[in-house]
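The values are calculated or read from the model by the stated rules, or taken from the named source; none is laboratory data. Note that this is a predicted model, so its numbers are computed, not measured. Neighbour counts run over all protein chains shown; Cβ positions are idealised from the backbone, glycine included.
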């Protein structure tokens with residue numbers, strides 16, 4: 001008896017599995033196409049324009065982290081030697097770039113620095129030294145900015161108490177999501193910076209570069225969050241497929257206050 005019941009059970013089970021498989025692969029006598037997960041959220045074309053409109057968070061990065069970098073060390077109780085690397089085609093003298101030093105662990109945007117030096121050469125990379133300082137066993141921070149305004153400080157070099165080697169930090173921006181008509185970027189700026197108050201902005205250009213005079217820009221928006229790090233969006237865009245774009249972060253209201261870039265290609 002038990003043997004017969006077992007055979008009936010196995011027969012019913014086989015019929016149930018066959019029914020499930022039939023429902024999964026057929027509907028109204030047509031096979032259902034199974035879509036691989038890797039193809040989900042790929043390019044969606046506009047019915048009226050097959051060359052524009054994308055909907056895909058996957059992008060190709062190209063030299064994605066370009067920013068202004070500082071390095072240096074304390075040589076003695078009076079001298080700090082510094083090196084800087086800025087963005088491609090930057091002209092530090094023309095764009096009124098500067099380096100300044102404060103006592104403390106972060107930039108004091110509302111306070112006059114201990115010393116400030118305007119960069120007088122035209123090369124995008126270079127170096128200089130602070131001399132005649134009085135360096136005590138305290139914390140110090142060096143900042144790099146533009147437009148001759150303290151509020152544009154975008155890169156820093158922090159000297160811990162008792163240390164002679166600086167710890168660098170650079171403003172950065174990265175696109176983390178894109179849609180048919182928008183991009184969302186994550187930005188990080190020095191502690192103490194208030195982007196909205198300091199006229200920080202984000203802009204987007206078509207191509208692998210940008211212009212220091214604002215020419216050919218697609219759109220520029222003011223950063224609204226008044227926090228040093230956060231997210232910001234640019235809306236009302238029309239992004240094209242398989243096209244390079246460059247997003248930049250500006251640390252002041254001038255076009256030449258660009259402190260970081262992120263270049264990507266749409267799928």
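Checking residue 65 against (1) touching a strand residue (DSSP E or B) at 6+ places or on another chain (Cβ under 9 Å); (2) surrounded by fewer than 16 Cβ atoms within 10 Å (Cβ to Cβ); (3) more than 21 Å from residue 250 (Cα to Cα), only one condition comes out false. Which one?
Failed condition: (3).
Hey, residue 147 hits all of (1) part of a strand (DSSP E or B); (2) touching a helix residue (DSSP H, G or I) at 6+ places or on another chain (Cβ under 9 Å) but one; which does it fall short on?
Among (1) part of a strand (DSSP E or B); (2) touching a helix residue (DSSP H, G or I) at 6+ places or on another chain (Cβ under 9 Å), the lone unmet condition for residue 147 is (1).
Going by what's in this entry, would residue 221 be described as out of contact with any helix residue (DSSP H, G or I) (no Cβ under 9 Å at 6 or more places or on another chain), closer than 20 Å to residue 233 by Cα, in a strand (DSSP E or B) and modelled with pLDDT of 95 or more?
yes
Determine which member of the set 217, 178 is over 23 Å from residue 103 (Cα atoms), free of Cβ contacts under 8 Å to residues at least 24 places away in the same chain and not assigned by TED's automatic domain parsing to the domain that holds residue 91.
Selected residue: 217, the only one of 217, 178 that is over 23 Å from residue 103 (Cα atoms), free of Cβ contacts under 8 Å to residues at least 24 places away in the same chain and not assigned by TED's automatic domain parsing to the domain that holds residue 91.
Hey, does the range 178-201 have a residue that's touching a strand residue (DSSP E or B) at 6+ places or on another chain (Cβ under 9 Å) and modelled with pLDDT under 95?
So far as the range 178-201 goes, yes, one or more of its residues are touching a strand residue (DSSP E or B) at 6+ places or on another chain (Cβ under 9 Å) and modelled with pLDDT under 95.
Only one of these is in a loop (DSSP other than H, G, I, E, B), surrounded by 15 or more Cβ atoms within 10 Å (Cβ to Cβ), at negative phi and not assigned by TED's automatic domain parsing to the domain that holds residue 153: 210, 187. Name it.
Testing whether each residue is in a loop (DSSP other than H, G, I, E, B), surrounded by 15 or more Cβ atoms within 10 Å (Cβ to Cβ), at negative phi and not assigned by TED's automatic domain parsing to the domain that holds residue 153 leaves just 210.
May I ask you to verify whether residue 53 is at pLDDT 95 or above and either surrounded by 14 or more Cβ atoms within 10 Å (Cβ to Cβ) or touching a strand residue (DSSP E or B) at 6+ places or on another chain (Cβ under 8 Å) (or both)?
So residue 53 fails the test.
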